[in-house]
Every structure is written in structure tokens, then in C-alpha cells.
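Written below as C-alpha cells is the structure these notes are about.
We did not get these values from a lab; they are worked out from the coordinates using the rules stated. On a predicted model such as this, the values are computed, not experimentally measured, just so you know. No Cβ is skipped: glycine too gets one built from the backbone with ideal geometry, and neighbour counts run over all protein chains shown.
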Amino acid sequence: MANSRQIYAANLNSTTNSCFSVAPLGSPLPVNATNVLDPSFSDLGWCGVDGFKVSPKRTIKRHQAFGGQTVKTTQTDFLETVKATLYESSPAVFTALWGAGNATVSSLSGHRTQSIIHNCAVLPRMSWVITTVDAGSSSTGNAATRRLVVQEGEITELADLTYATSDILRYGITIDCYQPINGTQAVLEYIDEPQILAGS
């Protein structure tokens, strides 16, 4: 039977205003959709209005027999990527974009100053968590929540940085997701649905 309560529209949690976080590899990872993240995770702040694009891609090869018919399809590669746009020029964002050794912050002058080195250093693999809610999924305030956990991901692409009077500076990133050494899943997804009763 069709059930419109199972249709999900991702939104920001208006209570926390937090949706995208990153932590060093090896940090304790969440095991459900709603628990508070470990303190090792840094909040990356406001993100772009288009949200997050998760792209699982299978590369396949089709094998033909004599006569031209396809008789077998094999998988040669699987890669999942996550794309997001970061808005804030914060220490947490710059550390994610350029690496901890290339992003320093100081307040010795009485206000915050930041020094960012743009270089070719390979970025470390880190753990990433995206948490969204569907605010319209419940009339009681208990919204459906979905959480994506990239156990081991690396920023492999940074979009052009546009400095312009007519727009804000934004940081578009692509994260490649890897299978961790102690698991078989690159990305875990947890869903909490208080609007759907048990047994439904």
C-alpha cells in the first residue's frame, strides 16, 4: 500500500543548524541517525542551498557472443562520491580543504587571523557525517532523520573559487569514499522514522 510518510525531503535541523561534520580517521563513528556525534567531529557550518549529492557509480563491461548478443555483464569498478558546497570561511573548513598543516589560526592581535597555504599536498582521508531531517514528516515535532556516514573519504576535487561582489565565496568539494580496512561498506546510512509505527 502506498504511504506518503515514506517520502523523504531533506532539510536542515533548525534546532542545531548542523548538518555536515568531519573528524580524523579512527574517530568513533555514530551507529544510528540521532545520537550526538563524538567531540572529535568538527561542524563545517552552513552549506549550499542545493544540499548534498551522493553518486554511487558502477562501471560495467558488457560481453558479446558471436552474433552480437550481450550474454554477460561484469562489474569492473564501483565508486561512491559525495559533493557539497561549504559557505563558511572557518578554521574547520580550511583544515578540511587544505590539511591541518596548511591552515593556522591565531588571536594574538586581539581578533582572529588565519593563514592558508594553497599547495599540492595530498589531503588525508577523514570520516564525514551528513545529517538531515524531514521537518514535514510529523505533526508532533519528531521528524524523520537520515544520516550518511562516510567512514573513510578524501577530498579529491575543489571547485573554482570565485571572488566577486555579486556573489558569496563558496567551496565546492567532491569526496571519494573508500572501503575502510575494518569493514566492507564505504558509506553507511542510518534512518530514524518516528512517523512510522512499528509493524507498519
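A few notes on this one:
- Where chymotrypsin sites (Phe, Trp or Tyr not before Pro) fall in DSSP loop in region 1-105, at most 12 other Cβ within 10 Å: Phe66
- MRE, 222 nm, helices only [DSSP H, n ≥ 4, -39500 (n - 2.57), over the chain, to nearest 500]: -1000 deg cm²/dmol
- Loop-located trypsin sites (Lys or Arg not before Pro) in region 73-161 (DSSP state other than H, G, I, E, B) with a sparse environment of at most 13 neighbouring Cβ atoms within 10 Å: Arg112.
- Between the labelled values [x] 1.08; [y] 1.23; [z] 0.96, the entry that holds Cα Rg over 2.2 N^0.38 Å as derived from this structure is [y].
- Summing charges over neighbours of Gly172, with a neighbour being any other residue whose Cβ is under 12 Å away from its Cβ, gives 0 when K and R count +1 and D and E count -1.
- Net charge of Cβ neighbours under 10 Å - reference Val150; Lys, Arg +1; Asp, Glu -1: -3
- Cα lying deepest toward the dipole's positive end in region 49-122, options Leu108, Leu79, Ile60, charges on Cβ: Ile60
- Taking other C-beta atoms within 10 Å as the exposure proxy, Glu157, Glu88 rank Glu157, Glu88 from fewest upward.
- Rel. contact order, % - alpha carbon contacts under 8 angstrom, at least six apart, region 4-192: 24 percent
- Using the Cβ of Ile181 as centre and a radius below 11 Å, the other residues enclosed give a net charge of 0, where K and R count +1 and D and E count -1.
- Applying the Karplus relation 6.51 cos²θ - 1.76 cosθ + 1.60 with θ = phi - 60° to region 100-111 yields 3J(HN,Hα) values of 4, x, 10, 9, 10, 10, 9, 10, 4, 7, x, 9 Hz, where x marks Gly and Pro.
- For Asp167, Asp134, order by how many other beta-carbon atoms lie within 10 Å, fewest first: Asp167, Asp134
- Note on Cys19, Cys47, Cys120: ascending count of other Cβ atoms within 10 Å places them as Cys120, Cys47, Cys19, the fewest first.
- Karplus 3J(HN,Hα) series, Hz, for region 14-27 with 6.51 cos²θ - 1.76 cosθ + 1.60 (x for Gly, Pro): 5, 7, 9, 6, 10, 9, 10, 9, 9, 9, x, 4, x, 5
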